Amino acid sequence: MNEVEAVKTKDDIHMVSRLLEKHGSSDYRDIWELGINAALRISDLLSLKFSDVEGLEVLNLVEGKTKKVRSIKLNSKAQEIIQRRRNDNPADVWLFQAKGNRARSSEKAIDRSTVARKFKEIGEIIGVQLGTHSMRKTRGYAMWSDGVPIEVVCKVLNHSTPAVTMRYIGIEKQDIHQSYDDYVL
């Protein structure tokens, strides 16, 4: 399995959104943006139904991978995405419902592999190893680079230790070296 990266600048984060919509659809853009804002794994994100999230400020769920309980504050951007998707798709059951011919006959969520392919395609355009984990990694890296303590980032991502979080979000030697220039005392 290829290692995927965080998108490390806000301009690039917004560029990924624009490219996902341009080369895919608003569905992929919304998956990207909600994934970044909620810091959910793709499997948990794609398993959400409108009935799970509508009208909520805090989403409580059991993670599929870890079976840990998570409480996620749905920020204004997340709530905006959910409301827009409901307005645009009033008959859908799934927050990210598949729209293909085969999917029409039965209500299904968008498939993880479909999202992974689209993310990889956009990653090739911008020169980043982009995948479905990139959403969580991007949120974690953005928080850390804005000065949020690594322990808080660790809790947001539901990791067991800050060391796991540092590896996960891709804090690299160049980031550590930059700190010597940033903090001349």
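Bear in mind that the values in this text are calculations on the coordinates, not laboratory data. What you see is a predicted model; the values in this text were computed from it and never measured. Every residue, glycine as well, gets a Cβ built from its backbone with ideal geometry; the counts of neighbours run over all protein chains shown.
Of note:
- The C-beta contact set for segment 1-21 (first residue farther than 10 Å from L130 by Cα, second residue surrounded by 18 or more Cβ atoms within 10 Å (Cβ to Cβ) and of a type in the set (A, V, I, L, M), distance under 6 angstrom, 6+ apart or interchain) comprises I13/V7; L19/I122; L20/I122.
- Matching residues, segment 29-85, being among the aromatic types (F, W, Y) and either closer than 22 Å to V7 by Cβ or in contact with an Asp or Glu (Cβ under 6 Å, 6 or more places away or on another chain) (or both): W32
- Hits in segment 42-97 (condition: farther than 24 Å from S17 by Cα, surrounded by fewer than 11 Cβ atoms within 10 Å (Cβ to Cβ) and among the hydroxyl-bearing types (S, T, Y)): S51, S71
- Residue list for segment 114-164, restricted to those being exposed (fewer than 13 other Cβ atoms within 10 Å of the Cβ) and touching a residue at least 60 places away in the same chain (Cβ under 8 Å): I126
- Tally, over segment 34-77, of residues that are of a type in the set (G, A, S) and more than 17 Å from the chain's Cα centre (by Cα): 2
- Among the residues of segment 44-66, the ones that are in a helix (DSSP H, G or I) and either of a type in the set (G, A, S) or in contact (Cβ under 8 Å) with a residue 40 or more places away in the chain (or both) come to 6 in all.
- Residues (touching a helix residue (DSSP H, G or I) at 6+ places or on another chain (Cβ under 9 Å) and assigned to a helix (DSSP H, G or I)) located in segment 164-185: V164, T165, M166, Y168, I169, D175
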